[in-house]
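The values are calculated or read from the model by the stated rules, or taken from the named source; none is laboratory data. Fair warning: this is a prediction, and the values are worked out from it, not measured in the lab. Cβ placement follows ideal geometry from the backbone for every residue including glycine, while neighbour counts extend to all protein chains displayed. Calculation scope for accessible area: heavy atoms of the full protein, side chains included, ligands and nucleic acids excluded. Shrake-Rupley method; radii C 1.70, N 1.55, O 1.52, S 1.80 Å.
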Amino acid sequence: MIDFRLTETDKAALAKIRAEALIARKYARYYDENENEMAPDELPEAADFVSPSVPEIDLETDTHGPVMMMLQTIGNFWGDYTVRLRKRTSGGLGNAALAAAGSPDQIEKWGSLVLAMAITEPGCGSDPSRVQTTAVLDEETNEWVLNGEKIFVTTGIRADGVVCWATLDPKAGRAGIKSFLVEKGAPGFEVPGKEKKLGIRADDTAAYVFNNCRIPRENLLGGDESIPKSSSGGFRGVMKTFNMTRPMTAAMGLGIAEAALDFTRDQLEEAGLRIDYTAGKSTQNAAVEKFIELEALYEASKLVTLQCVYLAGKGLPNNMESSVCKAHAGSTVRTVTQGCIDLLGPMNISREHLLEKWARDCRITDIYEGTGEIQRLIIARGLLEYSRADLS
């Protein structure tokens with residue numbers, strides 16, 4: 001039986017995350033309003049912050065591994081999407097791709113760098129198999145020559161390099177898609193600047209341009225240059241990266257949704273509305289009933305996300321579950337934040353509170369790592385055995 005109940009050690013570890021998150025939240029509005037500035041790797045309070053003590057973890061009883069990682073992610077994003085007391089980022093999405101598909105030599109060489117992942121293009125979003133960025137091998141110099149444009153690259157400014165998706169043969173479809181390791185400063189690799197966005201304004205999302213960008217031949221991720229005629233080639237393998245990053249994205253959104261719920265609960269109670277979880281439906285104030293519905297939706301998304309990473313921690317397949325938790329949470333966080341705004345009225349779309357920011361920030365969690373619509377197509381293919389052609 002899967003048991004997600006928290007031990008006292010778990011609670012202490014998550015309380016530490018919450019304490020840090022509250023400090024980070026003080027800076028959330030500033031970096032939202034001043035999006036051209038980069039949030040620092042360490043806030044001024046970090047030096048004097050006294051961390052609550054956490055007992056030593058008992059590997060037999062305490063929560064650890066991917067499940068605890070998701071709970072900590074929820075706690076971090078309960079504070080703010082971007083700002084942290086101390087940034088602990090050891091890598092980006094590209095590092096997950098490197099770990100999943102890189103050769104031992106590539107992992108050793110590139111593993112210490114922060115790597116972004118560049119997939120989305122101006123004409124290619126939800127269907128990455130339509131990537132138009134090209135990679136042509138120059139056999140005289142033994143280099144790959146990349147040409148194309150990427151947009152909405154997460155961690156694109158801070159990253160030391162990128163895993164860039166490009167095609168060896170546009171006519172080959174998914175089989176022609178390969179991933180290439182490109183370090184910042186490579187000839188022909190340009191970073192025009194930071195993207196301006198609706199939400200997560202402080203996050204360093206960038207556009208990349210590859211203009212006859214030359215990289216060594218060995219920078220092809222995994223090293224396989226073949227283009228199979230009857231399979232997806234390396235495309236399917238790299239896509240498995242998302243089986244862990246999609247639940248992570250769900251957890252990010254859930255942290256924001258939990259912040260909105262906590263704020264709304266406080267406001268309702270301050271207004272004299274008592275939340276009774278034992279009372280029957282239609283016996284309480286309508287606002288309280290709506291709030292309880294939002295909480296239930298949040299809990300359902302949280303449980304399916306934890307189930308997904310529990311399976312990963314056990315080494316079990318979680319492809320379906322990663323799409324389910326991403327689709328469910330992506331919809332939930334929008335419903336929850338908008339529902340909280342509806343409950344509290346027009347004052348909460350002002351910048352006096354962070355609720356309107358949370359409503360903007362959470363929107364991205366239903367978009368990147370595969371939109372909610374795409375996740376539902378994946379789920380339909382898995383449950384109903386539809387083919388790609390059936391859903392096109």
Debye intensity ratio I(q)/I(0), log10, the stretch 324-392, q values 0.29 Å⁻¹ (C-alpha model): -1.16
Going by Cα centres, the stretch 290-339 and the stretch 1-53 are how many Å apart? 22
Suppose we look only past 39 Å in the calculated P(r) of the chain. What percent of the Cα-Cα pairs does that tail hold? 21
Cα-Cα P(r), the stretch 1-84, percent of pairs per 10 Å interval: 17, 42, 27, 12, 2
Take peptides 290-303, 145-158 and line them up by average Cβ neighbours within 10 Å, highest first, as a rough protection proxy. 145-158, 290-303
Among DSSP beta bridges whose residues both lie in the chain, state the antiparallel percentage, nearest 5. 85
Give me the number: length gained by fully extending Glu42 to Leu273, i.e. 0.36 nm times residue separation minus the C-alpha to C-alpha distance, one decimal in nm. 79.2 nm
Identify all lysines with a Cα-Cα distance to Lys196 below 23 Å; exclude those on the same chain that are fewer than 8 residues away in sequence. Lys26, Lys87, Lys150, Lys184, Lys357
State the percent of C-alpha pairs, over all pairs in the stretch 57-193, separated by a distance greater than 21 angstrom. 53
For Lys171, the aspartates and glutamates lying under 20 Å Cα to Cα, once residues fewer than eight places off in the same chain are dropped, come out as Glu121, Asp127, Asp138, Glu149, Asp224, Glu225
What value, in deg cm²/dmol to 500, does the helix sum -39500 (n - 2.57) over DSSP H runs of n ≥ 4 give at 222 nm once divided by the residues of the chain? -13500 deg cm²/dmol
Going by average Cβ neighbours within 10 Å, how do the peptides 69-82, 45-58, 263-276 rank, with the highest at the top? 69-82, 263-276, 45-58
Straight-line reach from Lys281: which lysines have Cα under 26 Å away, leaving out those fewer than 8 places along the same chain? Lys290, Lys302
Probe 1.4 Å, heavy atoms of protein chains only: per residue, the accessible area of the chain in Å² is 48
For the chain, set up a Gaussian network in which alpha carbons nearer than 10 Å are linked by springs, and say which option among Ser126, Ser322, Ser103 fluctuates the most. Ser103
